[in-house]
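K.L.:
Could you have a look at this structure, given as structure tokens, before my questions?
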Amino acid sequence: MSLTSEVQTPGSFTRQFIDREFPHLKSLSSQISRELKIYRDLPHPDYSDAYTYSLIGTATDYRIRFFYTSNAHKVAAIENGLKKFKYLYSYELNGKEYINRFSSLGSGYKVRDDFYKQSKVLLPNFSEDQICRFCLLLAKLDHFRRGTTVFHLHKAMKKGVFDLQEMMLDCEESWIQDIKQLTAAYKLANVDVFSKKLSVKHGAVLAGSADVGGADLDLVVNGCLVEIKATVKPKVPTNLLRQLVGYWLLDYEDELNIQSARIDFVRQNHQVLLGKEMLFSGLRSKKTVRSEFKMGLRSQNR
């Protein structure tokens, strides 16, 4: 079970542990969400379905990560989506011609290797338009990894060859413009941050990630845990705070030195800062709490 599933399941060990040790999160959630109400009626693109908003939000997330690190695509979520790529083809395409093309792709591991070989060559020379298209593809793979089969990759195939650039063309132009506009505004608002030397960690870098079936955090920048959101109506539900605390707990030996957290609401160009006095109010010894969490989590998994 992933960390997200753990915090959303009332009976899980992780959820019960967090609620016992961090009982203030619910009231903190209510306080922050009240403060965010003034941002809920801002204009935004009118997409026809909720999934499009979600897909563009994930793509925006990846594009912003690339501002901080050149390896934003090298995370477990993308690797797992690539490994499943061949199953998408077998589900959605019928007929001998397509089956032959599908078969020539080889294993899921070959698809992954082809993707990273091509991206290593192409990515450094991408224009802003191309990198936004690339991030939209990452979002599709990320969503497919979660079990959402809602897009087609027919254009990726040229006689059975995995073609990264062809895959990037399969999107609506308005989506790309939305991602470009959002991320350009983000970069401008954080120009002072990007001018400094940053210590950046991302992906499954937590010591306890495997204990919850994977926990891919967005970013840790100079000890600040950063969560990126491109939601239309910003709010901070208790489960989001539980997730942030869950990341901190999974850093068993304090290797990332997480001292604070920040939630970046990209569409509203607004940041919610959570200092340690807000996140860890009234907490017992951090070392003891993490140790107890690690022991309980691993005991549950035996």
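The values are calculated or read from the model by the stated rules, or taken from the named source; none is laboratory data. Since we're looking at a predicted model, the values are computed, not measured. Counting neighbours? That spans all protein chains shown, and the Cβs are built from the backbone with ideal geometry, glycine included.
K.L.:
For the range 117-141: of the residues being among the charged types (D, E, K, R) and exposed (fewer than 15 other Cβ atoms within 10 Å of the Cβ), which is nearest to Y51 (Cα to Cα)?
P.N.:
Here the answer is D129.
K.L.:
Any idea which residue in the range 207-220 is modelled with the lowest pLDDT, counting only those that are aliphatic (A, V, I, L, M) and either crowded, with 18+ Cβ neighbours inside 10 Å or over 19 Å from Q259 (Cβ atoms) (or both)? Break it down stepwise before answering.
P.N.:
Initial filter on the range 207-220 (aliphatic (A, V, I, L, M)): 207, 210, 212, 215, 217, 219-220.
Now restrict to residues that are either crowded, with 18+ Cβ neighbours inside 10 Å or over 19 Å from Q259 (Cβ atoms) (or both): 210, 212, 215, 217, 219-220.
Details: A210: 88, V212: 89, A215: 83, L217: 87, L219: 94, V220: 95.
By that ranking, first place goes to A215.
K.L.:
In addition: Output the helices (runs of 4 or more DSSP H) that fall wholly within the range 30-131 and possess 3 or more residues being modelled with pLDDT under 85, or say none. Full working, then the answer.
P.N.:
Working: elements: 50-68, 76-83, 85-92, 96-104, 108-122.
Fully inside the range 30-131 and qualifying: 76-83, 85-92, 96-104, 108-122.
K.L.:
Go through (1) surrounded by fewer than 17 Cβ atoms within 10 Å (Cβ to Cβ); (2) out of contact with any Asp or Glu (no Cβ under 6 Å at 6 or more places or on another chain) one by one and return the number of the condition A204 breaks.
P.N.:
Every listed condition holds for A204 apart from (2).
K.L.:
Quick one: would you say V232 is more than 15 Å from the chain's Cα centre (by Cα) and modelled with pLDDT of 95 or more?
P.N.:
no
K.L.:
Follow-up question, since we're still on this one. I need every pair where a residue in the range 183-196 that is within 16 Å of Y62 (Cβ to Cβ) has its Cβ under 7 Å from the Cβ of a residue that is part of a loop (DSSP other than H, G, I, E, B), sequence separation at least 6 or different chains.
P.N.:
The qualifying pairs are Y186/V266.
K.L.:
Looking at (1) in contact with a strand residue (DSSP E or B) (Cβ under 8 Å, 6 or more places away or on another chain); (2) surrounded by 14 or more Cβ atoms within 10 Å (Cβ to Cβ); (3) over 17 Å from D61 (Cα atoms), find the lone condition where S199 falls short.
P.N.:
It is condition (2) that S199 fails.
K.L.:
Restricting to the range 1-29, count the residues that are in a helix (DSSP H, G or I) and not polar (S, T, N, Q).
P.N.:
Of the residues in that region, 13 qualify.
K.L.:
Only one residue in I78, I18, I32, I38 is farther than 30 Å from G296 by Cα, hydrophobic (A, V, I, L, M, F, W, C) and surrounded by 13 or more Cβ atoms within 10 Å (Cβ to Cβ), so which one is that?
P.N.:
Residue meeting the stated conditions: I32.
K.L.:
Out of L256, L250, I need the residue that is modelled with pLDDT of 95 or more and under 21 Å from V200 (Cα atoms). Which one?
P.N.:
Just one listed residue meets the conditions, L250.
K.L.:
With respect to R302, is the statement that it is within 21 Å of R20 (Cβ to Cβ) and surrounded by fewer than 14 Cβ atoms within 10 Å (Cβ to Cβ) true? Even if it seems obvious, please write down each step before you answer.
P.N.:
Numbers: within 21 Å of R20 (Cβ to Cβ): no; surrounded by fewer than 14 Cβ atoms within 10 Å (Cβ to Cβ): yes.
Against the criterion (within 21 Å of R20 (Cβ to Cβ) and surrounded by fewer than 14 Cβ atoms within 10 Å (Cβ to Cβ)), R302 does not qualify.
K.L.:
If you don't mind, there's one more thing I want to ask. What helices (runs of 4 or more DSSP H) lie completely within the range 169-285 and have 1 or more residues being in the same structural domain as F67 (by TED's automatic domain parsing) and either of a type in the set (G, A, S) or in contact with a His (Cβ under 8 Å, 6 or more places away or on another chain) (or both)? First the steps, then the outcome.
P.N.:
Values: elements: 173-189, 191-194, 238-250, 276-279.
Here the list reads 173-189.
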